[in-house]
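The values are calculated or read from the model by the stated rules, or taken from the named source; none is laboratory data. Values in this document were obtained by computation on a predicted structure and should not be read as measured data. Please note: Cβ atoms are built from the backbone with ideal geometry, for glycine as well, and neighbour counts cover all protein chains shown.
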Amino acid sequence: MKSVWIISLATIKEAFARKVFIFFLALSMLVLIIMIGTYSMLNADMLIGSINKAGGNASIKEIMSSLELLVISPLSGLCLLLSVFASSSFVPNMLEKGNIDLLLSKPISRNQLIAGKYFGGVLVVFLNIFVLIIGVWLIISLKFSYWDFSFLLSSLVITFTFAVLYSIILLFGVITKSSALGMMIAYFIFIILSPLLLAGRNQFAPLIENDVARKMIDVFYYIIPKTSELMSSGLINLASGRGIVDYQPFITSLLFLLVMLGIAIYTFSKKDF
Amino acid sequence: MNVIETSSLGKVYSSNFGKKNVNALQELSLTIERGQIFGLLGPNGAGKTTLIKILLGITFQTSGTATVLGSELKNYHFKNKVGYLPENHKYPSYLNAHQVLKLFGNLSGKGGAELEKKIDELLALVNLLQWKKTKVKSFSKGMMQRLGLAQALVNDPDLIFLDEPTDGVDPIGRKEIRDLLFNLKSQNKTIFLNSHLLSEVELISDRVGILSKGRLLREGNVKELTERKQEFEILTENFIDEIYLQQSDGIKIDKHEGEVISVRVNSLPDLNSFIDQLRGKNIIIKSIRPLRTSLEDLFISVIKESEGGNLK
């Protein structure tokens with residue numbers, strides 16, 4: 001376990017040596033500073049009054065969740081895009097000739113090595129997003145003098161979504177020793193396939209008369225991780241205190257993650273370097 | 001106790017979906033005892049690095065068995081007593097010399113004040129103490145090699161694998177590395193050395209192996225391997241006239257230049273009778289030494305012989 005932690009720490013160090021994570025951290029800080037400036041000029045009671053006047057009776061908790069999500073939703077998407085890009089080279093770098101030889105010559109198992117690389121990558125994204133989320137939460141909670149901790153759970157959903165995408169990067173990194181393919185597949189699933197399958201299943205499937213085509217969409221929907229649902233309804237429900245309303249996207253995505261990790265670990269354990 | 005033991009070790013690399021097979025190692029059986037410096041020689045692609053990689057679990061053997069420090073290769077815990085300097089080693093460029101040694105020391109199970117002390121000692125030993133906090137990306141090839149050597153020693157290993165340790169190091173640095181290896185040997189450490197610098201291997205190794213196309217062609221004590229059987233050089237105090245030198249059945253004079261005679265004898269009693277013959281003529285003998293071939297000559301002849309189809 002100690003070896004896994006050492007590799008995880010080395011991965012975090014590697015991540016922060018890259019400008020992408022520093023850029024996102026700096027962007028988070030900028031957003032937080034702008035928020036402090038903006039909210040210091042606003043009166044909380046007047047804000048609640050004007051929102052209610054416009055759209056009916058919203059509780060203070062709902063208003064706070066909406067304000068928090070207004071900041072977090074676009075930034076978490078950006079964080080995931082940047083994180084996929086920055087983390088895609090973690091495994092290929094580790095597998096470079098001269099580096100992997102050294103790591104494998106140490107008393108650490110191959111499973112521990114790959115696990116450390118995986119947890120390190122996930123941890124660095126969690127730290128990055130947590131700084132932003134805790135900052136947004138503190139600013140809004142202080143402003144409204146209302147403390148609801150459920151918003152902090154959104155950091156877990158975003159990290160989980162990244163963990164799913166990172167498992168793809170890890171697997172293709174181990175197989176190809178290159179960052180390009182894994183990154184492209186992760187982006188394809190996150191930006192195109194997952195939203196498309198969700199829309200296909202919910203909106204187009206009822207219009208399709210062919211049973212086989214409908215079944216195909218269903219099969220693909222269940223196999224492919226539901227990053228789109230995780231980052232939309234999953235994130236909103238958790239952040240606004242409703243908890244996990246539908247477990248299916250979480251469970252099927254977790255299964256996908258475990259399968260990817262399993263294949264990656266198996267492939268790595270059999271590979272010659 | 002044998003530090004390394006291999007039995008019929010083989011490695012086949014397959015490419016093009018198994019259509020093309022390369023035998024990187026074939027039926028390699030080798031034993032290395034504690035406290036020895038073993039030099040493995042071979043042309044490029046002979047399988048030297050493959051052997052080290054198999055022994056360290058970086059590559060898997062296709063056939064045969066091996067143990068390192070009494071452990072089977074699948075049990076990775078033996079590696080906490082092993083150091084390794086790979087050829088063309090690479091360290092994360094964002095780390096400095098101290099951080100590199102700390103990372104690999106930690107991975108070897110070392111830590112705390114003891115590791116910090118060891119890091120300083122090693123950096124001083126390889127003349128890098130003043131570069132302790134310098135990022136390794138700005139290091140020269142020689143500096144990287146010296147850092148690699150420190151890295152290989154950070155866990156105070158009993159067995160050290162060095163793959164071309166003097167690559168890119170200047171002559172003074174080479175001498176320092178040689179001295180360091182002798183020092184490690186005096187501490188009963190075992191050193192497995194891969195090098196194509198034959199003169200260097202000859203200087204420091206107790207035993208050598210010659211590998212070609214995955215086969216171990218010759219293996220043994222350096223002195224024994226390089227000894228020219230029953231050939232001696234006799235140095236006398238005074239010039240010897242040709243008429244004093246009589247060849248007999250067991251003695252053949254190969255060379256005679258002034259006070260130096262090179263003879264080939266059938267047996268040691270023949271040599272002694274030849275010396276008696278000289279002494280009988282009041283010739284003063286200053287020294288008698290067995291003639292040796294250089295490791296380089298031996299290497300070339302063994303490789304040529306193998307290419308001619310006669311192995312061993």
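Each row is one residue, and each column tells you yes or no for (1) more than 13 Å from chain A (Cβ to nearest Cβ); (2) touching a residue at least 12 places away in the same chain (Cβ under 8 Å); (3) surrounded by fewer than 16 Cβ atoms within 10 Å (Cβ to Cβ).
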{"site": "B:Ile119", "(1), (2), (3)": "yes, yes, no"}
{"site": "B:Ala124", "(1), (2), (3)": "yes, no, yes"}
{"site": "B:Lys132", "(1), (2), (3)": "yes, yes, yes"}
{"site": "B:Lys137", "(1), (2), (3)": "no, yes, yes"}
{"site": "B:Asn155", "(1), (2), (3)": "no, yes, no"}
{"site": "B:Leu162", "(1), (2), (3)": "no, yes, no"}
{"site": "B:Asp167", "(1), (2), (3)": "no, yes, no"}
Scanning segment B:59-107 for residues that are facing chain A (nearest Cβ under 10 Å), closer than 17 Å to B:Ile160 by Cβ and touching a strand residue (DSSP E or B) at 6+ places or on another chain (Cβ under 9 Å) gives B:Phe78, B:Lys79, B:Lys81, B:Val82, B:Gly83, B:Tyr84, B:Leu85, B:Pro86, B:Glu87, B:His89
By residue number, the members of segment B:29-49 that are farther than 23 Å from B:Lys189 by Cβ and either of a type in the set (A, V, I, L, M) or surrounded by 23 or more Cβ atoms within 10 Å (Cβ to Cβ) (or both) are B:Gly42, B:Ala46, B:Gly47
Do we have any residue at all in segment B:83-91 that's surrounded by 20 or more Cβ atoms within 10 Å (Cβ to Cβ), aromatic (Phe, Trp, Tyr) and in the same structural domain as B:Gly47 (by TED's automatic domain parsing)?
yes
Of all strands (runs of 3 or more DSSP E) completely enclosed by segment B:13-94, which ones contain at least 2 residues that are within 22 Å of B:Leu295 (Cβ to Cβ) and in contact with a Lys or Arg (Cβ under 6 Å, 6 or more places away or on another chain)?
B:37-41
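Of all residues in segment B:108-117, how many are more than 14 Å from chain A (Cβ to nearest Cβ) and among the small types (Gly, Ala, Ser)? Quick ask: steps written out before the conclusion?
Here is the first cut: in segment B:108-117, the residues more than 14 Å from chain A (Cβ to nearest Cβ) are B:113-114, B:116-117.
Checking the rest, the ones that are also among the small types (Gly, Ala, Ser) come to B:113.
Final tally of qualifying residues: 1.
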Does segment A:76-89 contain any residue that is in a loop (DSSP other than H, G, I, E, B) and without any contact (Cβ under 8 Å) to a residue 40 or more places away in the chain?
no
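Filter segment B:187-222 down to the residues that are polar (S, T, N, Q) and without any contact (Cβ under 8 Å) to a residue 24 or more places away in the chain, then identify the one that is nearest to B:Val260 (Cα to Cα). Break it down stepwise before answering.
So the first thing to find is which residues in segment B:187-222 are polar (S, T, N, Q), and the list is B:187-188, B:190, B:194-195, B:199, B:205, B:212, B:221.
From the residues that got through so far, the ones that are without any contact (Cβ under 8 Å) to a residue 24 or more places away in the chain too are B:187, B:221.
Details: B:Gln187: 40, B:Asn221: 28 Å.
So the residue we want is B:Asn221.
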Has segment B:254-268 got any residue that is among the aliphatic types (A, V, I, L, M), part of a helix (DSSP H, G or I) and more than 25 Å from the chain's Cα centre (by Cα)?
yes
Among all residue pairs at least 6 apart or on different chains, which show Cβ distances below 6 Å where the first residue, located in segment A:129-143, is closer than 17 Å to A:Ser66 by Cβ and the second is outside any helix (DSSP H, G or I)?
A:Ser141/A:Trp147
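Counting just the residues of segment A:162-186 that are among the small types (Gly, Ala, Ser) and assigned to a helix (DSSP H, G or I), which one comes out surrounded by the most Cβ atoms within 10 Å (Cβ to Cβ)? Working first, answer last.
Quick first cut of segment A:162-186, residues among the small types (Gly, Ala, Ser) only: A:163, A:167, A:173, A:178-180, A:182, A:186.
Subsequent filtering for residues that are assigned to a helix (DSSP H, G or I) retains A:163, A:167, A:173, A:180, A:182, A:186.
Values: A:Ala163: 22, A:Ser167: 26, A:Gly173: 29, A:Ala180: 13, A:Gly182: 27, A:Ala186: 27.
Selected residue: A:Gly173.
What number of residues within segment A:79-101 are of a type in the set (Phe, Trp, Tyr) and more than 14 Å from chain B (Cβ to nearest Cβ)?
Just the residues of segment A:79-101 that are of a type in the set (Phe, Trp, Tyr), to begin with: A:85, A:90.
With the extra rule that they be more than 14 Å from chain B (Cβ to nearest Cβ), the set shrinks to A:85.
The total comes to 1.
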Tell me, which residue of segment A:1-53 that is of a type in the set (D, E, K, R), more than 18 Å from A:Met64 (Cα to Cα) and loosely packed, with under 15 Cβ neighbours inside 10 Å is farthest from the other protein chains (Cβ to nearest Cβ)?
A:Lys19
If you go through segment B:187-208, how many residues are among the small types (Gly, Ala, Ser) and at pLDDT 90 or above?
1
Please work out if B:Leu225 is touching a residue at least 60 places away in the same chain (Cβ under 8 Å), of a type in the set (A, V, I, L, M), crowded, with 19+ Cβ neighbours inside 10 Å and touching a Lys or Arg at 6+ places or on another chain (Cβ under 9 Å).
yes
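Just need a number here: residues in segment B:126-142 that are part of a helix (DSSP H, G or I) and modelled with pLDDT of 90 or more.
Pass one, segment B:126-142, residues part of a helix (DSSP H, G or I): B:129-131, B:136-138, B:141-142.
If we keep only those that are modelled with pLDDT of 90 or more as well, we get B:129-131, B:136-138.
Qualifying residue count, segment B:126-142: 6.
Filter segment A:123-137 down to residues that are within 20 Å of A:Lys13 (Cβ to Cβ) and buried (at least 21 other Cβ atoms within 10 Å of the Cβ), then give me how many there are. It would help to see each step written out before you state the result.
Of segment A:123-137, the ones within 20 Å of A:Lys13 (Cβ to Cβ) are A:123-131.
Filter once more, so that each one left must be buried (at least 21 other Cβ atoms within 10 Å of the Cβ): A:124-125, A:128-129.
Number of matching residues: 4.
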Selection status of B:Ser108, closer than 30 Å to A:Phe16 by Cβ, polar (S, T, N, Q) and crowded, with 18+ Cβ neighbours inside 10 Å:
yes
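Scan segment B:290-299 and tell me whether some residue there is closer than 30 Å to B:Ile204 by Cβ and free of Cβ contacts under 8 Å to residues at least 40 places away in the same chain. Full working, then the answer.
Of segment B:290-299, the ones closer than 30 Å to B:Ile204 by Cβ are B:290-299.
Adding the requirement that they be free of Cβ contacts under 8 Å to residues at least 40 places away in the same chain leaves B:297.
Within segment B:290-299 (the criterion being closer than 30 Å to B:Ile204 by Cβ and free of Cβ contacts under 8 Å to residues at least 40 places away in the same chain), the answer is yes, since at least one residue qualifies.
Looking at A:Leu80, A:Leu95, A:Leu104, which one is closer than 23 Å to A:Met231 by Cβ and crowded, with 18+ Cβ neighbours inside 10 Å? Show your work before the answer.
Details: A:Leu95 fails: closer than 23 Å to A:Met231 by Cβ; A:Leu104 fails: closer than 23 Å to A:Met231 by Cβ.
Answer to the check: A:Leu80.
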